[in-house]
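This report refers to the structure that appears directly beneath it.
Rule-based calculations on the coordinates, nothing more; no lab input. Note that this is a predicted model, so its numbers are computed, not measured. Neighbour counts run over all protein chains shown; Cβ positions are idealised from the backbone, glycine included.
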Amino acid sequence: MNGIHEMALAALTARDRIGAVHSFFDRPRTGAWWAAAAIILLVVAAAIFLAAILVHRFRDAKRRRQFQKRAGEAGMNAEEQKLLGHLANLAGLRQTDAVLDAPDAFDRGAEVLLQSERVSAMDADLQARTRALVNTLREKLGFARQESLDPTHGAVWLGKIPMGTSVEVVRPSSPEPFQAVLAGEEAVAEQIVLEPAVAMRCEGNESWTLRYAEGGLLWEFDARVVRQEDTGRVVMLPGGKVRCINRRKFIRTPVRISAFVAPFPFLRDQDADGPPRFLPATVVEIAGPGLRIQAPLEVGMGERMLVGLKMPDRKVMQALGITRRPTIPNDQGIPEIVVELIGLLASEVSELVRVTNAAVHASRGRRGPELAAAAAGASLHERAAAVEEG
């Protein structure tokens with residue numbers, strides 16, 4: 001065999017040998033070409049992915065610059081810009097700068113923030129400062145405050161504050177609250193005049209948070225600086241609603257108060273002519289604006305009612321209420337409902353608290369020290385539960 005191979009090789013010319021070498025290298029190599037193509041595709045995909053990342057980062061940087069520029073033109077400092085960006089995230093906006101032109105998104109983010117557990121865990125001063133910062137942002141952006149029309153929020157309105165009332169002021173630019181006295185009222189737009197206890201200067205459109213005590217309760221409301229007079233007094237325009245920041249004083253108290261109630265729906269059947277039909281009722285428990293009422297009436301959750309209470313001083317309290325618990329028979333089979341009175345002034349809520357406190361003292365006198373100890377020993381959880389039920 002070796003001899004045969006040698007004879008075959010010897011018979012090949014030089015041209016034949018070169019052709020054999022070229023034919024070997026020209027043979028198709030499919031696997032190598034596929035590998036090279038895959039490598040090229042991977043390189044191209046990586047380049048496209050890297051380019052997309054760079055473009056995304058470039059656009060984000062551009063949006064941040066635009067956001068900072070517009071926020072700076074609106075007079076926002078670094079802290080306010082950070083808070084505004086946080087509100088945009090809470091509102092679910094993919095682009096932070098979109099909040100600058102979206103008052104609804106701003107209000108949505110502000111509501112989520114102020115109702116969050118983090119803010120709820122703050123002390124009263126920090127909560128007031130946070131609300132004041134949010135109001136400052138709203139005004140700098142030119143967003144009008146949207147007052148809620150939902151009656152289930154149980155809004156309490158400011159009403160008249162007696163002259164000479166001492167108030168505590170939380171100002172966003174001040175590290176500590178300061179005291180002031182209500183020195184007068186303006187005839188225009190229900191403005192009030194404050195006389196700060198310390199000398200200070202302020203600008204128009206600043207948002208302050210004011211607190212004052214009435215009827216054993218601590219009330220809080222927001223107000224905007226209109227102007228500062230040469231005497232140092234500050235003219236302010238208060239917001240329409242107030243917040244009670246120690247509602248846990250509303251302790252559930254057993255009472256026996258004659259009352260009358262009437263359903264007050266938005267729509268009625270055409271056959272129901274005439275005014276609402278009132279039914280006799282009895283208030284068996286009171287917790288500030290929350291009432292437990294026994295009445296022969298079938299109502300559902302969230303329905304509106306007219307409520308009248310016959311007080312011992314021969315006066316009648318009348319208010320609009322929202323049912324917080326539908327009609328449920330008690331242990332004796334008597335139908336009971338839980339109603340929260342809404343749309344009240346701060347002074348009217350204070351009057352209800354006075355009635356509650358008087359009922360507590362009367363119950364102590366009738367039932368002795370055992371009831372007094374039980375009322376005094378009510379836990380904060382029980383008092384908070386009273387507000388939830390009421």
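Arranged by the count of other C-beta atoms within 10 angstrom, fewest first, what order do 221, 278, 58 take?
58, 278, 221
Using Cβ contacts closer than 10 Å as the measure, can you line up 182, 218 from fewest to most?
Fewest-to-most Cβ neighbours within 10 Å comes out as 218, 182.
When a/c reaches 1.5 or more, the comparison of a/b and b/c decides; with that in mind, is region 289-340 rounded, prolate or oblate per its Cα gyration tensor?
In terms of gyration-tensor shape, oblate.
Using only alpha carbon pairs under 8 Å that are at least six residues apart, calculate the relative contact order of region 81-126 and give it in whole percent.
32 percent
Select from region 254-326 those GluC sites (Glu not before Pro) which occupy a DSSP coil region and have at most 11 other Cβ atoms within 10 Å, ordered by residue number.
298
Mean 1/r over all different Cα pairs, inverted: what Kirkwood radius does region 151-245 give, in Å?
13.6 Å
Please compute the length gained on full extension between residue 205 and residue 260, using 0.36 nm multiplied by the number of residues separating them and subtracting their Cα-Cα distance.
15.2 nm
Going by how many other Cβ atoms sit within 10 Å of their own, how do 106, 260 line up, fewest first?
Placing the least packed residue first, the sequence is 260, 106.
When the Kirkwood hydrodynamic radius is evaluated over all pairs of different C-alpha atoms of region 35-146, what value in angstrom, to one decimal, is obtained?
The Cα-based Kirkwood calculation yields 16.2 Å.
Relative contact order of region 273-370: what whole-number percent is it, with Cα pairs under 8 angstrom and at least 6 residues apart?
For region 273-370, the relative contact order is 26 percent.
Rounded, prolate or oblate: which one fits region 92-145, using the alpha carbon gyration tensor with axes a ≥ b ≥ c (rounded when a/c is under 1.5, else prolate when a/b beats b/c, else oblate)?
Oblate shape, in that a/c is at least 1.5 and b/c is the bigger or equal ratio.
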